[in-house]
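Notes follow once the structure below has been shown.
The values are calculated or read from the model by the stated rules, or taken from the named source; none is laboratory data. Quick caveat: nothing in here was measured; it's all calculated off a predicted structure. Here Cβ is always computed from backbone atoms with ideal geometry, including for glycine, and neighbour counts include all displayed protein chains. These area figures cover heavy atoms from the full protein model, side chains too; ligands, DNA and RNA do not enter into them. Shrake-Rupley method; radii C 1.70, N 1.55, O 1.52, S 1.80 Å.
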Amino acid sequence: MITLNLNGKDHELDVADDMPLLWALRDVANLTGTKYGCGMALCGACTVNVEGQPTRSCVTPVSAVVGKRISTIEAVGEDAVGKVVQQAWRQLDVVQCGYCQSGQIMAATALLSSNKAPSDADIDAAMSSNICRCATYVRIRAAIHEAAGKLA
């Protein structure tokens, strides 16, 4: 048994130490908002925040996150920054197909938690490895600026 702190609560999961966090979240903890995209940490669909840092759950073994705070899209709205990010996403109608958006929102929340007034370059650097096949990048950047304006 492995104990993971998921969205502020400890969960005992019967999983192997080397199981990718993504599958422990989706298949065992039933937190299905985190998506499988590429399985190689290239697309960002599986992004969760571990100790506030965006982390690719598809390549992170559960043993690497024992004792750390793991936040998923299911609880992002319980965090003040995450709530503002979600509101901006809705206000600016960022989502098109939506598949990548949980990872996008988690990365944006991590960015704004550490930088309340990011420049376009800061946003591009933080979000560059999160791929959106629908190419909503302009709306994503605008939503991050919108959320930053409400956090200032």
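Restricting the first member to the range 4-33 and to residues that are touching a residue at least 24 places away in the same chain (Cβ under 8 Å), and the second to residues that are of a type in the set (D, E, K, R) and not in a strand (DSSP E or B), the beta-carbon pairs closer than 6 Å and six or more apart or on different chains are LEU31/GLU74; GLY33/GLU74. Looking only at residues in the range 98-119 that are in contact (Cβ under 8 Å) with a residue 40 or more places away in the chain and not in a helix (DSSP H, G or I), the one that is farthest from GLY52 (Cα to Cα) is TYR99. Scanning the range 61-104 for residues that are under 19 Å from CYS38 (Cβ atoms) and open to solvent by less than 20 Å² (accessible area, probe 1.4 Å) yields THR72, CYS100, GLN101, SER102, GLY103, GLN104. Entry remark, the range 110-138: residues being polar (S, T, N, Q) and touching a Lys or Arg at 6+ places or on another chain (Cβ under 9 Å) number 1 in total. Taking the numbered list (1) more than 30 Å from GLU146 (Cα to Cα); (2) surrounded by 20 or more Cβ atoms within 10 Å (Cβ to Cβ); (3) charged (D, E, K, R) in turn, ARG56 passes all entries but (1). Contact map, the range 86-97: first residue touching a residue at least 24 places away in the same chain (Cβ under 8 Å), second residue open to solvent by 70 Å² or more (accessible area, probe 1.4 Å), Cβ cut-off under 6 Å, separation 6 or more or different chains; pairs are LEU92/ARG139; VAL94/ARG139.
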